[in-house]
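The values are calculated or read from the model by the stated rules, or taken from the named source; none is laboratory data. Computed from a predicted structure; not experimentally measured. Neighbour counts are summed over all protein chains in view; Cβ atoms, including those assigned to glycine, are modelled from backbone coordinates with ideal geometry. Accessible surface is based on the protein model in full, side chains and every heavy atom, while ligands, DNA and RNA are left aside. Shrake-Rupley method; radii C 1.70, N 1.55, O 1.52, S 1.80 Å.
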Amino acid sequence: MKTQYYTAASLDGFIATADDSLEWLFPLGDPEDTSYPGFIRDVGALAMGSATYEWLLRHVVGPEANPPQPWPYDQPAWVFSSRTLPIVPGADIRFVRGDVRPVHKEMVEAAGGRNVWIVGGGELAGQFYDHGLLDELIVQVGSVTLGAGKPLFPRAITDPPLRLTSVSAVGTTFAELRYEVQR
C-alpha cells in the first residue's frame, strides 16, 4: 500500500493555470493511452482539494459539463474544503477539513490494502508530504509551458531529495517520472 500523488504537469511545473483551467492538458492525448488505467486499478481511496472537486463538478458531472457524466470514481473520495460544496448524488464522497493525518488513517482503512491517491492539488499533496504520509510522486510531464499557474508541488524538497525510480515516454507529448519519497 502506498500513498501516491499522480498528476500531470506542464514542462515548467504547473498542474493548472492561475484560474484552475486544465484545458492545456487535453490536446496532449487521451488518459487511456497513459499509465492511468493500470494506476487506478490499484487505488482503493482518494483525496482531493476543493479546486479539483469543483473542476470535476463543472467539467465532468455537473449540468455545465458537455455532456454530464457519472462521478468518475468507484473508490471512496475525501474532499478537503473549508466551504460547503454541492454533493454528487450516489457518489461516495466525504467532505473533510483540517489536519490530513486522521483523514489519511481513515483512507488507508477504507482502501483495504490498495493504494491511496492524492488527486490534487499540489498544496494538498504537500500537506501529506509534510506529515510523512506521501510515498510516491508520479508526474506525467507534458510538452507545453504555461508560464504561471498552480504549482505541481509547492514545497522545497532538498534533503533528502526524491529518488527517481523510473522514466518513460508516453506517446510523443509526455514523459512519466516516478519518484519515491525518501525519509
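Here are some notes:
- Looking at the range 1-128, the accessible area is 49 square angstrom per residue; that uses a 1.4 Å probe and ignores ligands, DNA and RNA.
- Helical content of the chain, expressed as a calculated mean residue ellipticity at 222 nm, amounts to -5000 deg cm²/dmol (DSSP H runs of 4 or more residues, -39,500 (n - 2.57) each, divided by residue number, nearest 500).
- Extension gain, Glu180 to Glu32: 0.36 nm times the residue separation minus the Cα-Cα distance gives 50.9 nm.
- Shown are Tyr53, Tyr73, whose ranking by accessible area with a 1.4 Å probe and every protein chain present, most to least, is Tyr73, Tyr53.
- Area of Asp135 that stays accessible when all protein chains are in place (1.4 Å probe, Å², to 10): 50 Å²
- Mean-position separation - Cα centroids, the range 88-149 and the range 36-54, in angstrom: 7 Å
- The chain, accessible surface, carbon-and-sulfur percent (1.4 angstrom probe): 53 percent
- Take the convex hull of the alpha carbons in the range 22-148; its mean projected area over all directions comes to 8.7 nm².
- Leu22-Lys105 pseudo-label distance in nm [points 7 Å out on the Cα-to-Cβ vector]: 3.1 nm
- The range 1-151, dipole about Cα centre (Lys/Arg Cβ +1, Asp/Glu Cβ -1), debye to the nearest 20: 380 debye
- Applying the Karplus relation 6.51 cos²θ - 1.76 cosθ + 1.60 with θ = phi - 60° to the range 15-24 yields 3J(HN,Hα) values of 9, 7, 6, 4, 9, 6, 7, 10, 4, 4 Hz, where x marks Gly and Pro.
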